[in-house]
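Novice: I'd like to ask some things about the structure below.
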Amino acid sequence: MPSIPVPNDAEALKGRELKRRVAKLLTESYFQGALERILELPPRRIVNPLFSFLCHPDLFLRWRAVSAMGRVVSRLAEGDMPSAQVIMRRLLWNLNDESGGIGWGSPEAMGDIMACSRPLARDYHRLLISTIDPKGNLLEHEALQQGALWGLGRLFHARPELGADCGGFFLPFLEMPDAARRGLAAWALTPLREEIAREPLEALVDDTAVIKLYIDLSLTETQVGDLAKQALRKFRAISFI
């Protein structure tokens with residue numbers, strides 16, 4: 001029988017120490033500065049700790065891991081595109097039923113990475129769009145759908161040209177029973193100015209349900225109706241007080 005390799009204790013300790021360091025940086029009060037220090041660490045080594053935080057029970061830590069993943073993989077792509085592509089494929093695989101997991105945080109991380117990296121956005125944006133397409137790879141889990149809506153919103157707010165002609169995929173989500181999907185769909189549509197979405201968005205302007213939205217490195221609360229109004233302002237046809 002072949003011998004089972006024994007883990008190197010020094011390497012294992014080094015890995016745990018790196019994860020603790022990343023966790024500390026993710027929880028610092030001045031997160032922008034912490035992101036800069038995260039980018040000073042070897043990108044290929046800190047990706048695995050960041051992956052583990054994408055499914056952390058602490059919502060605050062999860063979102064910061066999404067932002068860090070976006071910056072780290074974008075920086076990695078500048079000097080080592082094949083390694084960055086492997087990470088994108090790993091995130092996609094996590095969303096596949098055959099992966100054996102659920103894929104928490106994967107669509108959000110993909111969206112943030114592509115918002116930060118134009119080359120990766122060019123190559124992978126259609127795959128993320130397909131996760132809300134009933135004829136594509138529509139995600140079935142409600143929480144993953146929320147993640148896909150946020151990821152696409154993050155991408156389109158940075159690169160609206162990549163969302164051309166896909167506004168129709170968001171329309172069913174504007175009528176979902178849960179406020180999170182309604183609000184995230186409205187937010188994702190905002191930079192697209194899709195005429196097809198005008199009427200469904202108008203139907204949401206009095207929606208007072210409150211959702212949490214991670215934007216500009218902060219987690220905020222906002223009403224679905226306010227998000228619909230922001231999207232409608234892009235049409236310059238309706239004014240709100």
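Novice: Hey, any idea what the orientation-averaged projected area of the convex hull of region 73-196's Cα atoms comes to, in nm²? Could the numbers behind the result be given before it?
Specialist: Numbers: hull surface 28.4 nm².
Hull-based average projected area comes out at 7.1 nm².
Novice: For a protection proxy built on the mean count of beta-carbon atoms within 10 angstrom, sort 152-164, 49-61, 66-78 highest first, please.
Specialist: On the way: 152-164: 20.5, 49-61: 16.1, 66-78: 22.8.
In descending order of packing, they fall as 66-78, 152-164, 49-61.
Novice: Quick check for you: with a 1.4 Å probe and neighbouring chains kept, what is the accessible area per residue of region 137-241, in Å²?
Specialist: Details: 5160 Å² over 105 residues.
Per residue, region 137-241 has an accessible area of 49 Å².
Novice: Could you work out [θ]222 nm for the chain from helices alone, using -39500 (n - 2.57) per DSSP H run of at least four and dividing by all its residues? Round to the nearest 500 deg cm²/dmol. Mind dumping the intermediate values first?
Specialist: On the way: 11 runs with 138 residues, N = 241.
Counting only the DSSP helices, I get -18000 deg cm²/dmol.
The values are calculated or read from the model by the stated rules, or taken from the named source; none is laboratory data. This one's a predicted model, so the numbers in the text were calculated from it and none came from an experiment. Backbone-built Cβ (ideal geometry, glycine too); neighbour counts: all protein chains shown. These accessible areas exclude ligands, DNA and RNA; they are computed on the full protein's heavy atoms, side chains included. Shrake-Rupley method; radii C 1.70, N 1.55, O 1.52, S 1.80 Å.
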